[in-house]
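What follows is a single structure, written as structure tokens, with notes after it.
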Amino acid sequence: MNTDEKNQNALIICGFILISAICVSPMILFGKTLVLRDTFFEFRFLYDFSRENIINGIIPLWNPYSNCGQPFIANPQSAFFYPLNWIYALLNFNQAYTLFIFIHLFMAGFFMHAFVRPIVKRNWISFFGGVIFMLNGLLISRIEFLSEFASIVWLPAILALLRVTLLAPSWLNSVLLGLAMAIQFFAGHTQTFYYTAFFGLIFLIFLVFVHFVREKKTAAVLPSMKFLIAAGLLALLIIMVQLAPTYELFSHSLRSQADYDAKTHLASVHPMHALTFLFPYLFGWPGYKSYWGSTYEFWASSFYVGVMPFVFCLLAALLFYRVKKTRSGHRPLEISYFLFFLVWFAIAFIIALGDYSPVFRIFHAVVPGFDKFRWPSSSLVFCMLSMSIMAPLGLKWLLQETSNRALKKNRWVTVTFGALIAVFVTIAVVMN
């Protein structure tokens, strides 16, 4: 790594630190805090109970203060083994809460940057993808649910390490991947961990195809498999300390019964919510009685990423076919990544529709474990992930078009880009 790359990486890190600090600045400078429902009615008491036991050197198997007593370690939401939750044992809740949000916002941006960087091969463009991921409406709204918020943050890190372990197999990468998967499980949101494992398997198949099958080097995959298997076994070994009691708790819960109705359709996203890509308050202001945008709760359908990122996603769809083939006759890898995440965006959004689409019921009936979770809208996390990759690609291809061709030939690109922004801004102003 040369000096320029080191300087760029330092600036990238400083940029994510600055953005994260700005987001929590009212909490740091003015002593304010985010008084969110589940944070203060549930997670605060879970973490206070953890703090009390950590100070006394106790691993709390039972919580006598909730519902006349219930299992504590076995409850994934307690996230007792999540390393970053231990700051609640060192600081008072408000201070730890502020630091928790700051750290996870930074990690969200940096991890996504690390995932996008090998695809776009430009630091400041991958930085754009990181900013989209850390500041989108879905992740920000999940701050209320600290376990889900923390779990989502680890998604791009796991995907990045999965790719690195496959393409550059080593025991170090294998250990890092195993640790990342274990940490995400300990973060406490089992559904996000399940979705990550499900998507990670599909992403792995995609990587094997584009990097080995199309190059006719399938034999080269085998050495990587032992490192991937080792990573999975390491993660399983680590999480067993919580997985075993959690499984026992689940086996005695109502959800394990064959006739249990989990109401998996709750929080189905209405198809009209696609319009909130342009204007997040189309259905009213979340939290007020006038809000009518969700079949369950307003946060469940939030996945706004901003007008500019959305415009760049559309530009990527317009420009991807103009990227020339490589000398080997294949499309560049970035084209394959774009198509993969475009398809996955569409699948994730259709699943999020829940009762408004038969696809969710197919997944519910066919995919093992899918029927154990509610909230079809939870799949929107992959819409947000996909847009954090497609938008940087759209920006890169726009720059390539404007730099490699004469201005006259590029006029359609400029006009299209300007028209899209003008239309979306006009809509936002009128509807406001």
Quiz item: If you plug each phi of the stretch 93-99 into the Karplus form 6.51 cos²θ - 1.76 cosθ + 1.60 with θ = phi - 60°, what whole-Hz ³J(HN,Hα) values come out, in order, with x for Gly and Pro?
Solution: 4, 4, 5, 5, 4, 4, 5
Quiz item: In Å, what Rg and Dmax follow from the Cα atoms of the stretch 54-113?
Solution: 14.2, 45
Quiz prompt | Using θ = phi - 60° and Karplus 6.51 cos²θ - 1.76 cosθ + 1.60, couplings along the stretch 365-371 (whole Hz; Gly, Pro as x) | solution = 8, 9, 6, x, x, 5, 7
Exercise. Starting from the Cα of Lys32, draw a straight line to each of the aspartates and glutamates and keep only those under 20 Å, dropping any in the same chain fewer than 8 residues away.
Key: Glu42, Asp48, Glu144
Quiz item: With Rg and the Kirkwood Rh both taken from Cα atoms, where does Rg over Rh land for the stretch 1-120?
Solution: 1.09
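Within 10 Å of each candidate Cβ there may be at most 14 other Cβ atoms; applying that plus a DSSP loop requirement, which chymotrypsin sites (Phe, Trp or Tyr not before Pro) in the stretch 17-64 survive? Spell out each step's value before the answer.
On the way: sites: Phe30, Phe40, Phe41, Phe43, Phe45, Tyr47, Phe49, Trp62; in loops: Phe30.
Answer by residue number: Phe30.
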Quiz item: Measuring from label point to label point, each 7 Å out along Cα→Cβ, what is the Ile55 to Lys226 span in nm?
Solution: 5.0
Quiz item: Label-point separation (nm) for Ala168 and Ile205, each offset 7 Å from Cα along Cα-to-Cβ?
Solution: 2.8
Exercise. For Trp171, Trp344, Trp86, Trp375, give the ranking by accessible area with the largest first, probe 1.4 Å.
Key: Trp171, Trp86, Trp375, Trp344
Self-check item: Long-range HN-HN contacts of Leu266 with modeled amide H, under 5 Å
Solution: Trp375
Quiz item: Tell me, what ³J(HN,Hα) does each residue in the stretch 355-364 have, in order and in whole Hz, if you take phi through Karplus 6.51 cos²θ - 1.76 cosθ + 1.60 with θ = phi - 60° and put x for Gly and Pro?
Solution: 5, 7, 8, x, 4, 4, 5, 5, 4, 4
Quiz item: So how far apart, in nm, are the two label points at Asp4 and Asp38 if each is 7 Å from Cα heading toward Cβ?
Solution: 4.6
Exercise. Just tell me which aspartates and glutamates come within less than 20 Å, Cα to Cα, of Lys121; anything on the same chain fewer than 8 places away is out.
Key: Asp4, Glu5, Glu334, Glu401
Practice problem: Can you sort Asp38, Asp4 by 1.4 Å-probe accessible area, starting with the largest? | Solution: Asp4, Asp38
Practice problem: Hey, can you grab everything whose amide H is under 5 Å from the amide H of Asn63? Only 5+ residues off in sequence or another chain; H modelled, so Pro and N-termini drop out. | Solution: Gln70, Phe72
Quiz item: What percent do you get for the relative contact order of the stretch 1-129 when only Cα pairs under 8 Å and 6+ apart count?
Solution: 27
Self-check item: Mean Cβ neighbour count within 10 Å, used as a protection proxy, ranking 155-166, 90-101, 349-360 highest first
Solution: 155-166, 349-360, 90-101
Practice problem: Could you sort 242-252, 143-153 so that the peptide with the highest average Cβ count within 10 Å comes first and the rest follow in order? | Solution: 143-153, 242-252
Practice problem: Could you order Lys372, Lys226 so the one with the most accessible surface comes first? Probe is 1.4 Å. | Solution: Lys226, Lys372
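What FRET efficiency comes out for Tyr281 versus Trp62 if R0 is 60 angstrom and r is the Cβ-Cβ distance? Round to the nearest 0.05. Don't jump to the answer; show the numbers that get you there.
Working: r = 44 Å, r/R0 = 0.74.
The computed FRET efficiency comes out at 0.85.
The values are calculated or read from the model by the stated rules, or taken from the named source; none is laboratory data. Because the structure is a prediction, the values reported are computed rather than measured. Counting neighbours? That spans all protein chains shown, and the Cβs are built from the backbone with ideal geometry, glycine included. All accessible areas refer to the heavy atoms of the entire protein, side chains included, with ligands and DNA or RNA removed. Shrake-Rupley method; radii C 1.70, N 1.55, O 1.52, S 1.80 Å.
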